[in-house]
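Asks: One structure coming up, written as structure tokens, with questions to follow.
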Amino acid sequence: TQSRSSAASDVYKRQMLVRTAEPDKFDDIKKSLKSGKIECNKHTSGSVCDAVLTLCPGDITFPILKRLCGAGFSVSDEEALRAMVLAFEQLRIVVEPGGAVALAAALFHGKELNNEDVIVVATGGNVDRKIFQNAPIKYGK
């Protein structure tokens, strides 16, 4: 959660709007931003995007997110895997499913961005070998 707001002061100065992206059913930040109070997930496991699963936003981080973020996004595991495959096939970069969540939000939920310019941070190459080998078979060209 803290990494999502690490550039918050710079974003604020440039009047950019940060959008969070999380796996479906693990969208504590999206729910918290919508309600205006810290909301927690019921589970902390059960997604292929395990690198970005959190219980709830932190007490220090949430006020920053609340001030600087627009509505959040949530994506399915399938969308994250499809984004992971597209990153490899089109950009020649290896990202783990959790690291592809923001890319998946931009690729598959673009209508919700209202023609905003988008910067996506895709991270992590710590992907399970079987997941990486099987994803292109199911979601590749």
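Asks: Output yes when any residue across region 62-80 is in contact (Cβ under 8 Å) with a residue 40 or more places away in the chain and in contact with a His (Cβ under 6 Å, 6 or more places away or on another chain), and no when none is.
Replies: Scanning region 62-80 turns up at least one residue that is in contact (Cβ under 8 Å) with a residue 40 or more places away in the chain and in contact with a His (Cβ under 6 Å, 6 or more places away or on another chain).
Asks: Please determine, by comparing only the residues of region 21-55 that are more than 20 Å from Ala105 (Cα to Cα) and either touching a strand residue (DSSP E or B) at 6+ places or on another chain (Cβ under 9 Å) or of a type outside the set (S, T, N, Q) (or both), which one is most open to solvent (accessible area, probe 1.4 Å). Outline the logic, then answer.
Replies: Residues of region 21-55 that are more than 20 Å from Ala105 (Cα to Cα), as a first pass: 35-40, 42-45, 55.
This time we only want the ones that are either touching a strand residue (DSSP E or B) at 6+ places or on another chain (Cβ under 9 Å) or of a type outside the set (S, T, N, Q) (or both), so: 36-40, 42-43, 55.
Values: Gly36: 30, Lys37: 122, Ile38: 61, Glu39: 52, Cys40: 71, Lys42: 190, His43: 117, Leu55: 92 Å².
Applying the filter and picking the extreme gives Lys42.
Asks: On to the next question. Please pick out the residue among Arg67, Arg82, Arg129 that is of a type in the set (D, E, K, R) and either in contact with a helix residue (DSSP H, G or I) (Cβ under 6 Å, 6 or more places away or on another chain) or open to solvent by less than 50 Å² (accessible area, probe 1.4 Å) (or both).
Replies: Of the residues listed, the single one that is of a type in the set (D, E, K, R) and either in contact with a helix residue (DSSP H, G or I) (Cβ under 6 Å, 6 or more places away or on another chain) or open to solvent by less than 50 Å² (accessible area, probe 1.4 Å) (or both) is Arg82.
The values are calculated or read from the model by the stated rules, or taken from the named source; none is laboratory data. As the structure is a prediction and not an experimental result, all values here were calculated from the model. Glycine also receives a Cβ, built like all others from the backbone with ideal geometry; neighbour counts cover every protein chain displayed. Side chains are part of the model used for accessible areas, which takes the heavy atoms of the whole protein and leaves out ligands, DNA and RNA. Shrake-Rupley method; radii C 1.70, N 1.55, O 1.52, S 1.80 Å.
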